[in-house]
Structures are given as structure tokens and as C-alpha cells.
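To start, the structure itself, in C-alpha cells.
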Amino acid sequence: AVLVESLLVFGVVLSVHAVVWDRFSWCALALALQAFYAQFKWDRLLRQGGAVFQFRGAANSGLLPASMVIPLLGVVMKERCRAAGIVYFERFGVVVASAGMLLALFLSVLAVGITKPVPTNTCILTGVAGSVIIYTMKHSLTVSEVIEVLEVLLIFVYLSMILLYLLPRCFTPGEALLVLGGVSFVLNQLIKRSLNVVEGRGDPIDFFLLVAVVGVVLLGLFFTVLFTFMDSGTWISSMFFHMMTAVLGLGVIMPWLYRLIQRNPLFWLLQFLFQTQTRLYLLVYWTFLAASACGVVLYQNAKRSSESKKHQASTITRKYFHFIVVATYVPGLIYDRQLLYVAAVLCLAVFIFLEYVRYFRIKPFGQTLRHLLSLFLDERDSGPLILTHIYLLLGMSLPVWLFPRSCAPKGTLPGAGALVPYSGVLAVGVGDTIASVFGSTMGEIKWPGTKKTFEGTMTAIFAQIIAVALILIFDSSVNLNSSYAWILASVSLVSLLEAYTTQIDNLLLPLYLQIMLMA
């Protein structure tokens, strides 16, 4: 299964390389080769319990698929912005690709360094790949860009040491690379933009995303340190939690956002949300869907009888939430993507805050949330945090957040790139949902080495093709320019990756589909 997963990742890398064909795509190819070898060293460390931190069990390290996401995103972003003539974002794509390669190399070197005896062949391959990447960076980056890349690496190292120690068994090495690498980029961008504020420059919704992500991460770190010295389950601790949340929100996060957007954040947000009648209709519709999702949770818990406390929700029941998320995102993508962007940021902040309440058992809702959400746990929630619903939100939102709006003058990219914002809907909302439902109910022929079925994968591909046809009918901004063969190949590769990967598919699949469609 690991070999097939690696083969599929190499297929994506070679596809991007064939389209781009520059020094960075060659570096991505070298990185993929060394990550393939380093992945087996991580897998051995995880089996023997020799890894530095406690990682999530029942999964391989996922180093190769995770290592290629950030570099390939940077490479395809660079190409799209170069074609559009937007030099600033072309250079930003170069920085993203370079930093992603360095982060992946760091994890590979860490695996090689703690493996005993020292794996000579992997050391040589890692050294050669590292030399090629550093030589390319030396001739491609300016001094300020090199400093920015090193800042991201430094933030990643410190975040890894802190969060992987505080949150055992929550991530595989690959998932840690994706999540902590993304947070490192966001924190670095926020610091950089805060130090170089120019009035009227930059989109407020981008600043809103940066401040919200960094704000909730800092909030979690603060309370984690605080509650090591006091019991978080008492009423006094709970009152202190709510009070300090208000102080940090109003005293740190709000002024920080005010400095960036040069206006009152609350007034800006209210004005933004209720700017048009379409937005008002969408907000009412989304409120109804949120209430429906809460109703599903309460109904499933009501069905759980006292004699079956170990009962867990079925796969089909969990996919109800995928259906609700698709029903949420599709109207937003068609009618108002900026509103969807901001609403997804707000939803992410609320999800993470509620997870803090559940994790720290904050009164009055902490224990209730623990009881309600325990029904929907699966084998991927083996650590102290419940992250699958947050990963689902991230998988749907990342293609919207990472869409290079400045490099798409008409609000959409040409060809298959027009489907980039729909990557989460296609890969997770449609593909993963249909594969799980049909595979678990009608699947008989299993893919070698996995529990996934041939029937599930084929119906997922077919469903995504139908979804693309429906998007063409209902979204007039999408014009594929006869790139149907590339779309079919992209959907097929990602659906096969869903069958073979043991990583969090809600996070990985949309990013790979986005890379293929942007390429």
C-alpha cells in the first residue's frame, strides 16, 4: 500500500514537472526521491518506538505525500502568477516552494539522524537532494527571500518541539509537516505584514485569516501552559478561561487586526457580512444548515442507549456531515466567494475554540461536548484532541483560501484552473463521501493491501465527473477550455490516492487535486 501511494505521488510530481519544467520542478523531483527513502526510515522508527515524539498510530509516516504538497503548491502558484504577469506573487510562489522543500528536508534529516545504524544510502541521497535544492535557492532567491525562508524554518522547528510534545498521538510526521508548516507560514506572513503596514495595501480578508489563525494558536498555547499549574475543570478556572479569552481577543487580536486593516474590525466585519441581500440570504441558509448539523449530533446521541455506551456512529452517519458541508460550500462558491472565505475563517476559529472548551473541560459546556462528540470518534482520533471535523473544514476551505485571486484578473483561472476553488468539494465532499458510502455498502473487490474497494473508487471518480458537469451548468464563471482529459486524470489520481493513503484524507486530497488543477 505504501509503494502504491508513493507511485501515485510520483505521478502527481511528474505531471507537474512535465507542465512546468524548470529548476524548481527538478528540485521537487529530487525531493520526492529522497523523501521516498526517508519515509521508510520514519516508518521503521514508528514501529520500533524510536521516534522523538509520540505520533499517531495505525498509519505510516506519510512523509512523501506530505513533503510534496507545499513545494508543488509554490511551483504551480509561481507558474500561474508568472503567466498573469504578477511579479510579487510569482516571487511569493518561489518562497513557498523553497520553504516547503527546506521543511521537508528537515524532517528527512531528523529521521536519518536518529536511525541506528546510520543508513548510508539514504544519507547520501538526502545530501545530494539537499545540495541541489540549496544550490537552486542560492541562484533564485534574493537575500530578503532567503531570510524569510529561514524564518519559516525556525518557527516550524520551535512549533514542532512545543506542539508535538504537548499533543502526543495527534499527528503522523507527515500531518505534522502539513499542519505545523502551514501555521509557520501564516505566523511568518503576519509578522512580516505587521512590520510593513502600508495603508490601503492588502485585502482585509487576507489579514483576517492570518490574525484569526495565529490568534487561536496563541490562545491554545497560553491556556496549555496555564492549566499545567491549575485544574482546568473547576468553575474558577473556567471563569478565568472565559475572562482571559475576552482579554486576549479584545486586547491583543482586535488591535492587531485594527493595525493591519486601518479600521475597526467589528464594524468592518458587520458591514462586510450584511453588505448585500445575497449575503443575507446565504447567512440565513448557512445558519439553517448549522442547526441541522447540531440536530444530527443530538439525534445520534439520543439513539445511543445506556447499555451500548461503546456504540460508535457508522461511516454513513459520519458522511451526513460531508453532505451538509457540500450544501454549505457550493452556493458560496457560486454566489459569493469572499463571504465564503470570511465565513470559513470564523467557523475555523469557533471550531478550535470549542475544541479548547472540550479538551480543558471548561464549564458549563466542556463535559457535554466530550460526551456528544465521543460518538463520532474513529481510529484517527487517537490523541487528546478531536481533529477530524477541523480537518474536514480545512479540506473544504484551503482551496478557497489558497486560490491566487491576484493572479486571476477575472476572478477565475483559465482551463482546469477554474475548478481550483471546488477542489475540496470534489475531492472530499463528493469523492471521499461516495467512495465511503458505496464502498462500505456494495464494495466486494478490495484494492491490494487496503480496506478500500474498487467499486468505491470507481463510483467516486464517476460522481466527481458528474459534479464537474453540474458546476459547468450552474457556475457561469467556469470555462474549462477543453481540458477534460487533464481533469479526468487529476480526479482519477486523487481518488486512487484516497484508496491507498493512511493519512488524513480530508486534508491531503483537496490539496493534491488543487495542485493538479492549477498545473
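The values are calculated or read from the model by the stated rules, or taken from the named source; none is laboratory data. None of these values were measured; they are calculated from a predicted model. Please note: Cβ atoms are built from the backbone with ideal geometry, for glycine as well, and neighbour counts cover all protein chains shown. Note: accessible area is taken over every heavy atom of the protein model, side chains too, but ligands, DNA and RNA are not part of it. Shrake-Rupley method; radii C 1.70, N 1.55, O 1.52, S 1.80 Å.
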If packing is taken as the mean number of other Cβ atoms within 10 Å per residue, what is the order of 206-212, 417-423, highest first? 417-423, 206-212
Candidates per trypsin sites (Lys or Arg not before Pro) in the stretch 364-438, loop by DSSP, up to 16 other Cβ within 10 Å: Lys410
Loop only by DSSP, 10 or fewer other Cβ within 10 Å of the Cβ. Give me the trypsin sites (Lys or Arg not before Pro) in the stretch 419-519 that pass, ordered by residue number. none
Just to be sure I understand the model, the point goes 7 Å from the Cα along the line to the Cβ. What's the resulting Arg259 to Phe229 distance in nm? 2.6
Contact order normalised by length for the stretch 428-519, with contacts defined as Cα pairs under 8 Å and 6 or more residues apart; what percent is it? 29
Per residue, how much accessible area does the stretch 123-174 have with a 1.4 Å probe, in Å²? 51
Sorting Thr457, Val428, Val350 by the position of each Cα along the dipole of the chain (Lys, Arg +1; Asp, Glu -1; all at Cβ), the one nearest the positive end of that ordering is Val350
Which one, Gly85, Pro448, Ala293, projects farthest toward the positive side of the charge dipole computed for the chain from Cβ point charges (K/R +1, D/E -1)? Ala293
Once the piece of chain linking Ser476 and Tyr88 is laid out straight, how much longer is it, given 0.36 nm per residue of separation minus the C-alpha distance between them? 136.8 nm
Placing +1 on the Cβ of each Lys and Arg and -1 on the Cβ of each Asp and Glu in the chain, which of Ile253, Leu507, Ala104 has its Cα farthest towards the positive end of the resulting dipole? Ile253
Keeping all protein chains in the complex and leaving out DNA, RNA and ligands, what accessible area do you get for Lys116 with a 1.4 Å probe, in Å² to the nearest 10? 150
Work out, in µm²/s and without decimals, the Stokes-Einstein translational diffusion coefficient of the stretch 120-181 at 4 °C, 1.567 mPa s, Rh from Kirkwood over C-alpha pairs. 95
Unit charges on C-beta of K, R, D, E only; dipole of the stretch 60-169, Debye: 200
Hey, got the dipole for the stretch 1-201? About the Cα centre, +1 on K and R Cβ, -1 on D and E Cβ, debye to the nearest 20? 200
Can you give the charge dipole size of the chain about its Cα centre, rounded to the nearest 20 debye, using +1 on the beta carbon of Lys and Arg and -1 on the beta carbon of Asp and Glu? 560
Using Cβ-Cβ distances only, list the Cys residues of the chain with no partner cysteine under 4.7 Å, sorted by number. Cys27, Cys123, Cys170, Cys294, Cys347
Distance between Cα centroids, the stretch 231-247 to the stretch 460-519: provide it in whole Å. 44
Given the chain, what count of lysine pairs have C-alpha atoms under 26 Å apart, with each pair 8 or more places apart or on different chains? 18
Of the peptides 321-331, 393-403, how do they stack up when ordered by the mean number of other Cβ atoms within 10 Å, highest first? 393-403, 321-331
Asserting the computed 222 nm helical MRE of the chain (DSSP H runs at least 4 long, -39500 (n - 2.57) per run, divided by residue count, to nearest 500) equals -24500 deg cm²/dmol
I'd like the trypsin sites (Lys or Arg not before Pro) in the stretch 256-289 restricted to DSSP loop residues with at most 15 other Cβ atoms within 10 Å, sorted by number. Arg263
Of the chain, which part is the longest with no GluC sites (Glu not before Pro) in a loop (DSSP not H, G, I, E, B) and with at most 15 other C-beta atoms within 10 angstrom? 1-198
Can you give me the span-like helices of the chain, meaning DSSP H runs with 18 Å or more of Cα extent along the axis and Kyte-Doolittle mean at or above 1.6? 2-20, 87-114, 143-166, 204-226, 454-474
Taking every Cα atom in the chain, find the radius of gyration and the maximum pairwise distance Dmax, and write them in Å. 22.4, 67
Expressed in Å to one decimal, the Kirkwood Rh of the stretch 1-201 from all distinct alpha-carbon pairs is 17.4
